[in-house]
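Single-structure report; data block below.
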Amino acid sequence: MIPSKKLLCLVAIGIGCAIPVAALAGKCAGTNINNLVSWDQTEIAKGTTHATLRVMSVTVNDDPSAPSHLVSGEYVGVCMMTPDGKTKCSGTCARADKDGDVLSEEWISTNDTGDKGTWRNTGGTGKFAGATNSGQWEVHKLQGKATAVRWTGSCQ
């Protein structure tokens, strides 16, 4: 796989977990700062590549009083790159706050390049047990193995 495709997939996955939670219903937004820990790819057939990755992530919520502000943890993802140049990615995230409560999330790319998509909270523990927020994300490349994932959504 060419390095630019790998970076694109990383970005897509950095995506990944652009998923927040807030105490009050309404719009919410923030940025996840992600760092690639591992990337493993396999060429399934000529031009078709399957890749798995693991990323460390910190959520910086636009509202510093939101429960998801500064939660940190990791996410895992899978990308499939096809001969026609399309990339499709998905994965899950688990991040914990300073109290040890875990926020669980799912994400999926929605465009052909894998750098934009949707997310939804799937619950968690403690204060995040009933999290059902959802929204959109977009990956922005940074230096090296880092990405910033800007997310917006509707939080409850």
### Task
Starting from region 107-120, take each residue that is farther than 21 Å from Thr59 by Cβ and list its partners that are part of a strand (DSSP E or B) and not charged (D, E, K, R), counting only C-beta distances under 9 angstrom and pairs at least six apart or across chains.
Asn111/Thr87; Asn111/Gly117; Asp112/Thr87; Thr113/Thr87
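With respect to Leu53, is the statement that it is modelled with pLDDT under 95, farther than 21 Å from Asp84 by Cβ and part of a strand (DSSP E or B) true?
yes
The values are calculated or read from the model by the stated rules, or taken from the named source; none is laboratory data. This one's a predicted model, so the numbers in the text were calculated from it and none came from an experiment. No Cβ is skipped: glycine too gets one built from the backbone with ideal geometry, and neighbour counts run over all protein chains shown.
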